[in-house]
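Scroll down for the structure; my scribbles are underneath it.
The values are calculated or read from the model by the stated rules, or taken from the named source; none is laboratory data. From a predicted model like this one, the values you see are computed outputs, not experimental measurements. Using ideal geometry, Cβ is built from the backbone for each residue, glycine included, and neighbour counts are taken over all protein chains shown. Keep in mind that these areas ignore ligands, DNA and RNA; they rest on the heavy atoms of the full protein, side chains included. Shrake-Rupley method; radii C 1.70, N 1.55, O 1.52, S 1.80 Å.
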Amino acid sequence: MSGAESPTFGVDLGGTNVRCGVVDRDGVVLREVREPTPLGGDAVVATMAGLVRRLAEDFPEAAAVGVGAAGLVDRDGAVQFAPNIQGLRRAPLRRALEAELGVPVVVDNDANAAAWGEVVHGAAKGALYALVITLGTGIGGGIVARGRVIRGAHGFAAEVGHFQIDPDGPVCACGERGHWESYASGTALGRMGREWAAAGKAPGVLARAGGQVDAVTGVFVGDSAQAGEPDGVALLAEYVDYVAIGLAGLANILDPERIVVSGGLVELGDALFAPLRTAFARRVEGPEYRPEIAIVPAQLGEQAGVIGAAARARDLEAGGSGVWVR
Ligand SMILES: [Zn+2]
């Protein structure tokens, strides 16, 4: 029996794992199961359906599914392009999953789903204009305006990581050069750490990686910075400035009241946020003539995608359609 108080299913389809949770109306994940992401659209649908069925045995009252998928998701819930999921191209996930499960399904971009989770239950709660940015393997973005997630004409809006800041820069996962995420993702911090270590500029960071340049990751850089080691602090400061360049550009365009930052680096706390706020204030247009834009850590952590997708599924029960309204 589904109803206004029933939980819903939220699925987070990422490049590594498919996570599926059953989530109540307060955004609490009652239970979660996961499987490694398989190859190809048919296998992805079968895996997602299997995870939902497993949870449905104990939560039969849940009868709507929301999916957040890492890639370009169109208005009909088809994943057109997913750079980090092999074999997932032009895949009509929403239609296939509805046919498989016989319940209403909505499929959204994973970063949009995570942003919606933070708006409904997390750090962007109550904000009418917000940016939710995830610094991970790439950079995920969600734009909230007038209290709604902005998806654009085709569903492909807010691909903020693929904003070109240097046409001669490193090659991005999408194939283009110098996109923001090739400088400011968690992956990029690891690459900077290895470059500095190879150049003899990061002895503290290198020591943490056992003296192996190839073993340097963003985690070692973060640990070094948090411990106050000069090379770690300087490296993180350079990285944070790249993050601030993108955030300031987006703030100049969108004028958010709040910027929510998520991803593993958020655990660094003030070691990340203090230099980030300073760099942002230096980069944004006319900082002394505008209200301060709060830059705050996300509250839902790695569950944001599952929680946000489940929140999207609630709209279906209210009579909404799995095809988005623009
Ligand atoms: Zn790109």
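Quick notes on this one:
- Among Thr278, Thr47, Thr217: highest mean-square fluctuation, GNM of the chain, C-alpha pairs under 10 Å: Thr278
- Loop-located GluC sites (Glu not before Pro) in region 107-186 (DSSP state not H, G, I, E or B) with no more than 14 neighbouring Cβ atoms inside 10 Å: Glu176.
- The chain gives an Rg/Rh value of 0.99, both radii derived from C-alpha positions and Rh following Kirkwood.
- Rh by Kirkwood over Cα pairs, then Stokes-Einstein D for region 1-108 at 1.567 mPa s and 4 °C, µm²/s: 95
- Kyte-Doolittle mean at least -0.5, axial Cα span of 27 Å or more - DSSP H helices of the chain: 230-254
- Bridge orientation summary for region 34-114: considering DSSP beta bridges with both residues in this region, about 45 percent are antiparallel.
- For the residues Glu100, Glu57, Glu267, a GNM of the chain with alpha-carbon springs under 10 Å puts the largest fluctuation on Glu57.
- Accessible surface ranking for Leu254, Leu88, 1.4 angstrom probe, highest first: Leu254, Leu88.
- Among beta bridges that DSSP assigns inside the chain, antiparallel share in %, nearest 5: 60
- Cα-based Rg / Dmax (Å) for region 182-252: 12.1, 42
- Taking Pro291, Pro83, Pro92 as the candidate residues, the one with maximal mean-square fluctuation in a Gaussian network model of the chain, Cα springs under 10 Å, is Pro291.
- Structure-based [θ]222 nm, the chain - -39500 (n - 2.57) summed over DSSP H runs of at least 4, per residue, nearest 500: -11500 deg cm²/dmol
- The value obtained for region 93-247, namely the Cα convex hull volume divided by the number of residues, is 160 Å³ per residue.
- Computed from the alpha carbon atoms alone, the convex hull of region 211-326 holds 154 Å³ per residue.
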